[in-house]
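Worksheet for the structure shown next.
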Amino acid sequence: MICPYCGEEMEQGVIQSPHEISWKYKKSLFGRAGFHKGSIVLSKLSMLKGSATIAHCCRKCQKIIIDYKDGNCDINQVK
Ligand SMILES: [Zn+2]
């Protein structure tokens, strides 16, 4: 992935967690996305494999980008 800020190639890596990884409007006590309207699941909870989402990093711009199109960022969903 090319960094949209500086135009240089980004490094691919992962962001992982023992819990579901999701985007929500704000932090909450019950964090699961299913409880929050408008939330986006980036990686479903997997007890066996853990949850991880593919993320691209530009160290120069200090930006991390997650492309969640079609759920392809979920490392457990990648075909
Ligand atoms: Zn950059």
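At-a-glance table
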| quantity | calculated |
| --- | --- |
| Top-ranked residue in segment 53-79 [being within 16 Å of the ligand (Cβ to nearest atom) and among the hydrophobic types (A, V, I, L, M, F, W, C); ranked as farthest from residue 9 (Cα to Cα)] | 66 |
| Subset of segment 1-52 [touching a residue at least 60 places away in the same chain (Cβ under 8 Å), within 16 Å of residue 75 (Cβ to Cβ) and either in a loop (DSSP other than H, G, I, E, B) or within 16 Å of the ligand (Cβ to nearest atom) (or both)] | 1 |
| Residue match in segment 23-31 (condition: surrounded by fewer than 17 Cβ atoms within 10 Å (Cβ to Cβ) and touching a strand residue (DSSP E or B) at 6+ places or on another chain (Cβ under 6 Å)) | yes |
| Residue within segment 45-64 that is more than 17 Å from residue 2 (Cβ to Cβ) and basic (Lys, Arg) present | yes |
| Members of segment 53-74 found to be modelled with pLDDT under 90 and assigned to a loop (DSSP other than H, G, I, E, B), listed by number | 72 |
| Lone unmet requirement of (1) out of contact with any helix residue (DSSP H, G or I) (no Cβ under 6 Å at 6 or more places or on another chain); (2) at pLDDT 85 or above for residue 39 | (1) |
| Residue ID - surrounded by the most Cβ atoms within 10 Å (Cβ to Cβ), chosen from residues in segment 37-79 that are of a type in the set (Lys, Arg) and within 12 Å of residue 20 (Cα to Cα) | 44 |
| Count of residues meeting criterion [polar (S, T, N, Q) and under 10 Å from the mean Cα position of the chain (by Cα)] in segment 49-67 | 2 |
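The values are calculated or read from the model by the stated rules, or taken from the named source; none is laboratory data. The shown structure was predicted, so the numbers you read here are calculated from the model rather than taken from an experiment. Cβ coordinates were reconstructed from backbone atoms using ideal geometry, including for glycine residues, and neighbour counts include every protein chain displayed.
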